[in-house]
Every structure is written in C-alpha cells, then in structure tokens.
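Written out below as structure tokens is the structure these notes cover.
No value in this document is a laboratory result; all are computed from the given coordinates. Values in this document were obtained by computation on a predicted structure and should not be read as measured data. FYI the Cβ positions are ideal-geometry reconstructions off the backbone, even for glycines, and counts take in every protein chain you see.
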Amino acid sequence: MVFKDGALVSVQLRRINLELVIMAMAQDRRYGTVRILIEGGHVTNFSQIFENIPLSVVAIDFGSNYVRFKRLVENPSRLKLRDIFILANLFGISEMAMITLIVGPLIKNKRKR
C-alpha cells in the first residue's frame, strides 16, 4: 500500500482496474436492453433482469461460476456490496438503482410478515 498526499493509492488503482475490466467485458447488446427496461420501470426486481439476458452470460461477465451465480440470483441477500457494484457497471446503471432492485422486494416481503 502506498500513501500519497494522505490517500491510499493502491485502493484507487484497484477500483480503476476493476472498472476497466468491467467496461471491456460488457459487450453483449442485451445489457443495454436491460438498462433501458430498468430505467423505464419495466424491470422492478432483480430476478426480472434474467428474463431478458441469460444467467450464463451474466455469470461469465461477472466472473463467477454459473452455479454460484444462480444461487446469488435466487437469494440476492447473499450478494456483497462489491458484487452489486460490478453488476451495476455491467448493466450501465447506478449502484443505487441496482441496490433498489435487490433490496426493494426483500423489504416488501419483510413488511408482509
């Protein structure tokens, strides 16, 4: 770890490298389609995303094994914040929009109990 002017440089470099890798991977045109559907309000929860793009495509671009990624989609409360940020970047939406897609239905289910 290297400090420069009181800031941790290695953390900044990791974030930049992560964003460059994500931008290079997101080539499938269906990511753009899903982004438009999310922004238009047609996709209102996390699982609806995968009605428009296969789990296998996202799992590969996400950098995960298909089985592990399928478990995360079935139980999105297991997603880590880093995972949510990667998914948001893949789909070209804000991190808060992705968090809303994931957490919104969980909160509604909790209120019904």
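For region 70-106, how many residues meet the condition of being more than 20 Å from Gly41 (Cα to Cα), part of a helix (DSSP H, G or I) and among the aliphatic types (A, V, I, L, M)?
3
Taking region 44-69 as the search range and keeping residues that are under 14 Å from the mean Cα position of the chain (by Cα) and outside any helix (DSSP H, G or I), which one is nearest to Asn89 (Cα to Cα)?
Once the filter is applied, the top-ranked residue is Gly63.
Under 6 Å between Cβ atoms, at least 6 apart or on separate chains: pull out the pairs that start in region 48-61 with a residue that is under 15 Å from Gln27 (Cα atoms) and end on any residue that is of a type in the set (A, V, I, L, M) and surrounded by fewer than 18 Cβ atoms within 10 Å (Cβ to Cβ).
Matching pairs, first to second residue: Asp61/Met25.
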